Amino acid sequence: MGEAPAAAPSGAAGLLSVVGTPIGNLEDASPRVRRVLSEANVVLCEDTRVTGRLMSALGLRARLERCDENVMAEKIPAVLARLASGERVAYVSDAGMPGVSDPGQRLVDAALDAGARVEVVPGPSAVTCALVASGLASEHFFFEGFLPRKRGAQRARLEELAAVPGTLVAYESPRRVAETLANVAAVMGGRRVALVRELTKVHEEVVRGEAAELAAEVAARGEVRGECVIVIAAPDAAELERRRAAAAGPTGSLADEIAAGLAAGEPKSALAKRLARSFSLPRAEVYDAVVAAASARDD
């Protein structure tokens, strides 16, 4: 038999426990995670079936209630009432740290505004695990969550993120990861990128390379399985300067800007796209000028 949840202490202040759960390997559930879940009067979760399997694996019984993005707003008043009556409420996501790219953030915000006690029970996070596994610099990093699905919107967002002076981390579906890596290559072609897949599981994998090389390698695989995290190296000083200059607008002629971009090693397609936007010219026209200038430099 599993352990039954404890009764709410009479007159005691309630407690909201935000509990990190394993992202693959059940051995990552700490003794504290097990204790807190066993003491909860109710466990709020994204999917009762997923959390039910976790509770069973931990030898626990609990009252599970669905509290995902679709019902979070309507659940919050009842959760606050539970906390006010002295109950212990645990909140978990399907895997990882709740509140990170997760609707649990709204629950924590509401509980704090109501003056309720909130504790965080640490657990695995795909963000930090992938960042460390990638081997890329982590002094400064930016977590994007999921990128837009549509190609145009995704490219536009990647253009914005390209100016962030730190390593970028994004989640992606295995069905879309090849296309997303191709877009990363188009926008940030010279960057080193890591695809981190199936974290903490038997088939955990880290594949690294320059953006274009990695995109080609993943595309050649065909089907990709498992949850994926993309980690993109921070821009170097030269790239940051180019992007700042581009944002400020051209300071010289088109020919001068092409020459400067080629000298800095900017990919021809990216250079043409940037300058076409800066000079309000057709991209094909600018690309032809870039190719001609590059050929002249090589002669």
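The values are calculated or read from the model by the stated rules, or taken from the named source; none is laboratory data. Every value quoted in this text rests on a predicted model; they were computed, and no experiment measured them. Virtual Cβ from ideal backbone geometry, glycine too; neighbours counted across all protein chains shown.
The single condition among (1) surrounded by fewer than 17 Cβ atoms within 10 Å (Cβ to Cβ); (2) in contact with a helix residue (DSSP H, G or I) (Cβ under 9 Å, 6 or more places away or on another chain) that A211 does not satisfy is (1).
One line per residue, one yes/no per condition, for (1) touching a strand residue (DSSP E or B) at 6+ places or on another chain (Cβ under 7 Å); (2) of a type in the set (D, E); (3) farther than 30 Å from E210 by Cα; (4) not assigned by TED's automatic domain parsing to the domain that holds V19:
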residue	(1), (2), (3), (4)
L60	yes, no, yes, no
I76	no, no, yes, no
L83	yes, no, yes, no
Y91	yes, no, yes, no
G99	yes, no, yes, no
P103	no, no, yes, no
L107	yes, no, yes, no
S138	yes, no, no, yes
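This table checks each residue for (1) surrounded by 16 or more Cβ atoms within 10 Å (Cβ to Cβ); (2) under 30 Å from L199 (Cα atoms); (3) at pLDDT 95 or above.
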{"site": "R49", "(1), (2), (3)": "no, yes, yes"}
{"site": "L54", "(1), (2), (3)": "yes, yes, yes"}
{"site": "A62", "(1), (2), (3)": "yes, yes, no"}
{"site": "E69", "(1), (2), (3)": "no, yes, no"}
{"site": "R82", "(1), (2), (3)": "yes, no, yes"}
{"site": "S85", "(1), (2), (3)": "no, no, yes"}
{"site": "A90", "(1), (2), (3)": "yes, yes, yes"}
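Of all residues in region 65-104, which are within 15 Å of V121 (Cβ to Cβ) and either of a type in the set (V, I, T) or not in a strand (DSSP E or B) (or both)? Working first, answer last.
Applying the first criterion (within 15 Å of V121 (Cβ to Cβ)) to region 65-104 yields 88-93, 95-100, 102, 104.
Answer for region 65-104, where residues must be within 15 Å of V121 (Cβ to Cβ) and either of a type in the set (V, I, T) or not in a strand (DSSP E or B) (or both): V89, V92, S93, A95, M97, P98, G99, V100, D102, G104.
Every condition in (1) in contact with an Asp or Glu (Cβ under 7 Å, 6 or more places away or on another chain); (2) buried (at least 19 other Cβ atoms within 10 Å of the Cβ); (3) free of Cβ contacts under 8 Å to residues at least 40 places away in the same chain is met by V169 except one, and the failing one is (3). Of the listed requirements (1) modelled with pLDDT under 95; (2) in contact with a helix residue (DSSP H, G or I) (Cβ under 9 Å, 6 or more places away or on another chain), G152 misses just one: (2). All of G226, G252, G189 fail the test of being on the phi > 0 side of the Ramachandran plot and either in a loop (DSSP other than H, G, I, E, B) or in contact (Cβ under 8 Å) with a residue 40 or more places away in the chain (or both), apart from G226.
The single condition among (1) in a helix (DSSP H, G or I); (2) touching a Gly at 6+ places or on another chain (Cβ under 6 Å); (3) aliphatic (A, V, I, L, M) that A234 does not satisfy is (1).
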